[in-house]
2 protein chains.
Amino acid sequence: MAQAKYFELSDARSEGFFNISEAAGASGVSAKMIRHYEETGLVPKAGRTVAGYRIYRDADVHVLRFIRRARDLGFTMKEIAGLLGLWKDKRRASADVKKLAAKHMADLDARIAELQGMRRSLEHLVHCCHGDGRPDCPILDDLAGAGRA
Amino acid sequence: MAQAKYFELSDARSEGFFNISEAAGASGVSAKMIRHYEETGLVPKAGRTVAGYRIYRDADVHVLRFIRRARDLGFTMKEIAGLLGLWKDKRRASADVKKLAAKHMADLDARIAELQGMRRSLEHLVHCCHGDGRPDCPILDDLAGAGRA
DNA sequence: CTTGACCTTCCCACGGTGGGAAGGTGGAGA
DNA sequence: TCTCCACCTTCCCACCGTGGGAAGGTCAAG
């Protein structure tokens, strides 16, 4: 990215550029999100045609795909910014990447444990509820604090 | 809730009312969120003192605690609105509550599975990364699409 | 030249929570 | 009574990630 506003769109295309929806299709990141990532500085500003259309090269699409995959692994935007920095830095230590990934894995574990705790409690309640036409319901009783307050 | 603006705060207190921070402390819902729930209609508008301070009875705190517990189980606001409706309706069928809870449990399961999928992929990558001072790193390679694109 | 599909920027929404500013009140102590 | 501080009020702004949609410009094909 970061080219000057040189091209007509047709010229840009023949020079191997994509427009934003092509970049979106090729990367799996929506056009909306591509603009958003640019705005927030996650990716550098895209080049533009004389008419102001954003244009993308293969390398740019590659970056977007990287982001997409990181999102699929649940990394936050901040973490992805860190990963992109490490990716660009050819002298990085793999230990730094591993540390970031391990941290994220711990976050995932915490979140999973939290959800499993909810699930366990809920399962118990659902199990206790006869679930028929009568109004008495242990689920509501529990939420209302019957057993605690 | 839904009392007219009758009281001075001191009178209200002696009539068994709480102010918002007391209600917050007793229910585990922050004052900020109590106002938010009122604004969004999840709970009815609180009574007020002549000076405009919100006042709460035990029953109101009870409702807030119900909401708090439902949040702790991961129910969304919309689901909680449903649960509150069922709670208030003394002629509800417990089957309706059970259905709502079972649906939420399925949502939790889906979310857990999603996170576990991420965790598994990530674990594999972290395991493959030697994590030393050298720059080559299977985690970044994977994100960059080495094995797929 | 028209038409339709794209592009641009801009604002708004969701969930749920928090921070903080600006101004009014309550109650305790001097 | 005055002062002081903690609390209350409303209001707007932020986070994260994503989508919807309006208003206006551009491009390519017919």
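The values are calculated or read from the model by the stated rules, or taken from the named source; none is laboratory data. Please read these numbers as outputs of a predicted model, since none were measured by experiment. Methodologically, a virtual Cβ is constructed for each residue, glycine included, from the backbone with ideal geometry; neighbour enumeration extends over all protein chains shown. For accessibility, only protein heavy atoms count, side chains too; no ligands or nucleic acids. Shrake-Rupley method; radii C 1.70, N 1.55, O 1.52, S 1.80 Å.
Here the range B:32-149 has an Rg and Dmax of 23.6, 70 Å, counting Cα atoms alone. Pairs with C-alpha atoms separated by more than 18 Å, drawn from the list A:Lys78/A:Lys99; A:Lys45/A:Lys98; A:Lys45/A:Lys88; A:Lys32/A:Lys88; A:Lys45/A:Lys103; B:Lys78/B:Lys103, are A:Lys45/A:Lys98; A:Lys32/A:Lys88; A:Lys45/A:Lys103. Sorting A:Ser94, A:Ser121 on solvent-accessible area from highest to lowest, probe radius 1.4 Å, gives A:Ser121, A:Ser94. For the rotation that carries chain A onto chain B, the axis lies closest to a Cβ at A:Ile112, 3, where the number is the distance in whole Å.
Working from label points 7 Å from Cα in the Cα-to-Cβ sense, the A:Ala31 to A:Lys99 distance is 4.1 nm. Solvent-accessible area of A:Asp72, all protein chains in place: 80 Å² (probe radius 1.4 Å, heavy atoms, ligands and nucleic acids excluded).
With θ taken as phi - 60° and the Karplus curve 6.51 cos²θ - 1.76 cosθ + 1.60 applied, the whole-hertz 3J(HN,Hα) list for the range A:90-104 is 5, 9, 4, 9, 4, 4, 5, 5, 4, 4, 4, 5, 5, 4, 5 Hz, x standing for glycine and proline.
Once the Cα-Cα distance is subtracted from the 0.36 nm per residue extended length, the A:Asp132 to A:Ser21 segment shows a gain of 34.8 nm.
Averaging the Cα positions of each part gives two centres, and for the range A:97-149 and the range B:113-142 these lie 29 Å apart. Protein-only accessible surface at a 1.4 angstrom probe places the residues A:Asp96, B:Asp132 in the order A:Asp96, B:Asp132, largest first.
Carbon-plus-sulfur fraction of the accessible area of the protein assembly as shown, 1.4 Å probe, in percent?
Values: 8400 of 16050 Å².
It is 52 percent, rounded to a whole number.
Between this copy and the others, label points of A:Arg71 are 2.8 nm apart in ascending order, each placed 7 angstrom from Cα in the Cβ direction. Taking a point 7 Å from the Cα of A:Arg13 along the Cα-to-Cβ direction, the residues of the range A:38-82 with backbone N closer than 15 Å to it are A:49-51, A:53-56.
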